[in-house]
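Participant: Take a look at this one; I'll ask things after.
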């Protein structure tokens, strides 16, 4: 009797301990266990969101999305070697794969729940796969639709658009260009479909609350015009190849609003395959650089108008003031400044049109460093422009404490500073719009998936007035037009029929990347210009780095490309002709105040 009682008490104690342990586990680990149990009977599939489109200013598709089917397997459901072999030898012929390779992959990844068998399969392969899967009950295999980014115009605007990375959990994120800077708008939010499955992961029914729809990304609308972009890229490519430059960049801008109509760099790349397998080491990095915003270089003589116009604004000089050049060399203390020709005396407007280094050095000495520094900052040099792209270079304006007595002569001729093409186009637009510095824009707006406006960026963004309207227009008409349209100007190769073009040439030695002087025989040849001369509608800049054809002056290597870009833009925009053939296509006779020396050679 006593032994029976002890047995009863022992069993009761064990049951109580077990119940306590069960209660403890349920209290402390219940949620985790429930999730684990539920996970064994449910299967979730990510539903990718549609990444938003990128459109040009006219609504043309520049970047879009498609969903491409890919076949995957769950090797954990194929633990029996016979099941693995059956699945591998069944599916391999349908997908055009080697059965031995598929079997080895399933065996090597036996503990995995997911492995790709073939990505981006054809519609015919998808149809054959589903028929085979259902007929042979291959429930460990299935199709998943992956988001794919498409660029219907190939390399068009590749540096502007950028590119995206590989899908991660159904999402592709931008890695460069607009794809990166506007990723938060474009990306969208993936959805999810959850089903109840049996022990072999075969779907039984849709799980309660098992469908969460994806939220598609927004559409980004650019200021870029696809036609003008194509023409700009074509002319830039031709210039780079003709003059055998290391690279080139171009920007086309509406100077009245700051909208970027085209932005190009060459060499370029295919945004759908930005880093091809056969690329040489370092080659892709060079091709992927958006030179218009990321590369800064000494501007040379294209810098002269910015200094001269500010000096004119502050009544330090006049356009008709005559400077005693007495070239081709001039001593400034221990320093010697050179001109390409032996000028005697030149008025300021010819200092610009003939591109006299000595004349600008004389003016810079009069202005002194403090004023010169202020002039640079007024035009925005040394600051990012704020364009809606990542990776913009500030250019370089030395801290004022580092300026020396040489700076008064160096800065006015485009030395001791570095600029980007977008900075030059933005600053030069001041001469075209009556004296205002606008922030450049390349995104016009963003529209949600339902058509609702999310961001309106269509209005011009003035930063500050740099010049009075009178000075901006006089300087353009009396100095910058002369650079191109007169017989003495250095930019004659930028002329186009029926319009007066204004602009400035520039040629600068390329500095060593680590500092310490210049590279022998290496130059950057640039030209920045606009048209029409009376009421400007477009401004363009082209810069070529290290031309090796034997010609490198900006007036020779870059001015023709700018002229072609401007001509295409004016025709496309249907801008009425400014002059006729009776006006000798706008060619000015040149002024008599100078030395009478002919063309300065495009410096």
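Participant: Report whether or not residue 533 is assigned by TED's automatic domain parsing to the domain that holds residue 243, in contact (Cβ under 8 Å) with a residue 24 or more places away in the chain, over 25 Å from the mean Cα position of the chain (by Cα) and buried (at least 24 other Cβ atoms within 10 Å of the Cβ).
Facilitator: Details: assigned by TED's automatic domain parsing to the domain that holds residue 243: yes; in contact (Cβ under 8 Å) with a residue 24 or more places away in the chain: yes; over 25 Å from the mean Cα position of the chain (by Cα): yes; buried (at least 24 other Cβ atoms within 10 Å of the Cβ): no.
Here the answer is no, as residue 533 does not meet what is asked.
Participant: Quick one: which helices (runs of 4 or more DSSP H) lie wholly within region 275-385 and hold at least 3 residues that are under 26 Å from residue 158 (Cα atoms), outside the structural domain of residue 161 (by TED's automatic domain parsing) and modelled with pLDDT under 95? Outline the logic, then answer.
Facilitator: Details: elements: 283-288, 291-294, 304-313, 348-353, 357-378.
Result: 283-288.
Participant: Just to be sure I understand, how many residues within region 492-522 are assigned to a strand (DSSP E or B) and without any contact (Cβ under 8 Å) to a residue 40 or more places away in the chain? Steps first, please.
Facilitator: Of region 492-522, the ones assigned to a strand (DSSP E or B) are 496, 499, 502-511, 518-522.
So of that shortlist, the ones also without any contact (Cβ under 8 Å) to a residue 40 or more places away in the chain come out as 518-522.
Total meeting the criteria: 5.
Participant: Is it the case, given these coordinates, that residue 128 is outside any loop (DSSP other than H, G, I, E, B) and touching a helix residue (DSSP H, G or I) at 6+ places or on another chain (Cβ under 6 Å)? Lay out the reasoning, then the answer.
Facilitator: Working: outside any loop (DSSP other than H, G, I, E, B): yes; touching a helix residue (DSSP H, G or I) at 6+ places or on another chain (Cβ under 6 Å): yes.
Yes, satisfied.
Participant: OK, next. Looking only at residues in region 241-265 that are more than 23 Å from residue 434 (Cα to Cα) and surrounded by fewer than 24 Cβ atoms within 10 Å (Cβ to Cβ), which one is nearest to the chain's Cα centre (by Cα)?
Facilitator: Ranking the candidates gives 247 first.
Participant: Can you say whether residue 412 is in contact (Cβ under 8 Å) with a residue 60 or more places away in the chain, closer than 25 Å to residue 184 by Cα, touching a helix residue (DSSP H, G or I) at 6+ places or on another chain (Cβ under 7 Å) and buried (at least 17 other Cβ atoms within 10 Å of the Cβ), as far as the supplied structure shows? Outline the logic, then answer.
Facilitator: Details: in contact (Cβ under 8 Å) with a residue 60 or more places away in the chain: yes; closer than 25 Å to residue 184 by Cα: no; touching a helix residue (DSSP H, G or I) at 6+ places or on another chain (Cβ under 7 Å): yes; buried (at least 17 other Cβ atoms within 10 Å of the Cβ): yes.
When the stated conditions are applied, residue 412 does not pass them.
Participant: So which residues in region 128-150 are over 16 Å from residue 50 (Cβ atoms) and in contact with a strand residue (DSSP E or B) (Cβ under 7 Å, 6 or more places away or on another chain), if there are any at all? Steps first, please.
Facilitator: Quick first cut of region 128-150, residues over 16 Å from residue 50 (Cβ atoms) only: 128-143.
Scanning region 128-150 gives 129, 133, 140, 141, 142, 143.
Participant: Could you list, in sequence order, all residues of region 266-315 that are exposed (fewer than 15 other Cβ atoms within 10 Å of the Cβ) and closer than 30 Å to residue 361 by Cβ?
Facilitator: 314, 315
Participant: Okay, moving on. What number goes with the only condition from (1) part of a loop (DSSP other than H, G, I, E, B); (2) in contact with a helix residue (DSSP H, G or I) (Cβ under 9 Å, 6 or more places away or on another chain); (3) modelled with pLDDT of 95 or more; (4) more than 15 Å from residue 424 (Cβ to Cβ) that residue 255 does not pass?
Facilitator: Residue 255 satisfies every listed condition except (4).
Participant: Is it true that residue 59 is outside the structural domain of residue 258 (by TED's automatic domain parsing), modelled with pLDDT of 95 or more, surrounded by fewer than 16 Cβ atoms within 10 Å (Cβ to Cβ) and in a loop (DSSP other than H, G, I, E, B)?
Facilitator: Working: outside the structural domain of residue 258 (by TED's automatic domain parsing): yes; modelled with pLDDT of 95 or more: yes; surrounded by fewer than 16 Cβ atoms within 10 Å (Cβ to Cβ): yes; in a loop (DSSP other than H, G, I, E, B): yes.
So residue 59 passes the test.
Participant: Of all residues in region 147-184, count the ones that are more than 17 Å from the chain's Cα centre (by Cα) and either within 18 Å of residue 389 (Cα to Cα) or in a loop (DSSP other than H, G, I, E, B) (or both).
Facilitator: 6
Participant: Restricting the search to region 375-390, which residues are in contact (Cβ under 8 Å) with a residue 40 or more places away in the chain and out of contact with any strand residue (DSSP E or B) (no Cβ under 8 Å at 6 or more places or on another chain)?
Facilitator: Step one: list which residues in region 375-390 are in contact (Cβ under 8 Å) with a residue 40 or more places away in the chain, which gives 375-376, 378-381, 385-390.
Of everything in region 375-390, those that are in contact (Cβ under 8 Å) with a residue 40 or more places away in the chain and out of contact with any strand residue (DSSP E or B) (no Cβ under 8 Å at 6 or more places or on another chain) turn out to be 375, 385, 386, 389.
Participant: Mind checking which residues of region 71-96 are without any contact (Cβ under 8 Å) to a residue 40 or more places away in the chain and either in contact with a strand residue (DSSP E or B) (Cβ under 6 Å, 6 or more places away or on another chain) or part of a loop (DSSP other than H, G, I, E, B) (or both)?
Facilitator: If the condition is that a residue be without any contact (Cβ under 8 Å) to a residue 40 or more places away in the chain and either in contact with a strand residue (DSSP E or B) (Cβ under 6 Å, 6 or more places away or on another chain) or part of a loop (DSSP other than H, G, I, E, B) (or both), then 79, 80, 95, 96 are the ones that fit.
The values are calculated or read from the model by the stated rules, or taken from the named source; none is laboratory data. None of these values were measured; they are calculated from a predicted model. Don't worry about glycine lacking a Cβ; one is built from the backbone with ideal geometry, like all the others, and counts go over all protein chains shown.
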